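The values are calculated or read from the model by the stated rules, or taken from the named source; none is laboratory data. Please read these numbers as outputs of a predicted model, since none were measured by experiment. Cβ placement follows ideal geometry from the backbone for every residue including glycine, while neighbour counts extend to all protein chains displayed. Note: accessible area is taken over every heavy atom of the protein model, side chains too, but ligands, DNA and RNA are not part of it. Shrake-Rupley method; radii C 1.70, N 1.55, O 1.52, S 1.80 Å.
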Amino acid sequence: ACRAIGMYLIRMLGEICGRTYDMLTALGILAAGMVLVNPYYLENAGFLLSFSSVLGIGAVYPMLVPKEYPVRPKQYGENPILLVLRKMLQRLKYAILASLSITLATLPVQLWFYYEIPVWGILINLLVLPMMKPVLITGFLSLLPGLGAAAAADRLVLRWFEWLCRFFGHMPLGVWNPGKPKAWQIVVYYGGLACAMLLLKRMRKHSKPVV
């Protein structure tokens, strides 16, 4: 909550001052400020998972998404249904890459604290992430006088999240338990991930968008 509200306030401050908002800059400023106030946040699983997941969206996801033009009709008179399907497939691909980015960024943190990872986590994120905006909106509305009933919608969505986690947790190979990694393994992992993203960034500069 502190991260989400803090990044939102930084964005609004940028709008007021007429400056461009940068997600990674806001994330770094907020992380540094929270750690200065309480250094023990660096040992808090919620803090590390929250910031690493946003780091995945801000640093990993842009490198995984291919250069593409928006989906447009391939020819005059193209079937509208086919056009809608192509748009939906493109959005599904982006959603899968976003979920994969979060998983790649948070993997060492999950193993360090919980010694296991949900194998179906990427699929679960596909079903959970689209509902986060409605949760935030209805949660905010429930704080306003006379709109407390909006919290009922939040409760239904959160129950849906809980059911999904239980359902996939009982599926075959639902959880993989490799144990707690060593510190040097985490350093090597993030170093390799950073090198891979830099390589992809370099390759993107010389690639052309896909139609």
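When the charge dipole of the chain is built from unit charges on Cβ atoms (+1 for Lys and Arg, -1 for Asp and Glu) and taken about the Cα centre, the candidate among LEU92, ASN79, VAL119 whose Cα reaches farthest toward its positive end is ASN79.
For region 112-149, backbone nitrogen atoms closer than 12 Å to the point 7 Å from VAL84 Cα along Cα-to-C-beta are found at no residue. In this label model, GLU116 and LYS201 are separated by 3.7 nm, measuring between points 7 Å along each Cα→Cβ vector. Residues whose amide H lies under 5 Å from that of VAL175, counting only those 5 or more places away or on a different chain, are VAL119; hydrogens are built 1.01 Å from N in the peptide plane. Among complete DSSP H helices in the chain, those whose alpha-carbon atoms stretch at least 24 Å along the helix's long axis and whose mean Kyte-Doolittle hydropathy reaches -0.5 are 80-114, 151-169, 183-205.
From most to least packed by mean Cβ count within 10 Å, the peptides 150-161, 119-130 give 119-130, 150-161.
Accessible area per residue for region 93-196, computed on protein heavy atoms with a 1.4 Å probe, is 65 Å². Only protein heavy atoms count here; on that basis, with a 1.4 Å probe, LYS87 has an accessible area of about 80 Å². If I compute solvent accessible area with a 1.4 Å probe over the protein chains, what percent of it on region 70-185 is carbon and sulfur? Its accessible area is 72 percent carbon and sulfur atoms. Distance between the C-alpha centres of region 80-117 and region 149-193: 13 Å, rounded to the whole angstrom. Ranked by the mean number of other Cβ atoms within 10 Å of their residues, highest first, the peptides 165-176, 25-36 fall in the order 25-36, 165-176.
Dipole size of the chain about its Cα centre, with +1 on Lys/Arg Cβ and -1 on Asp/Glu Cβ: approximately 780 debye, rounded to the nearest 20.
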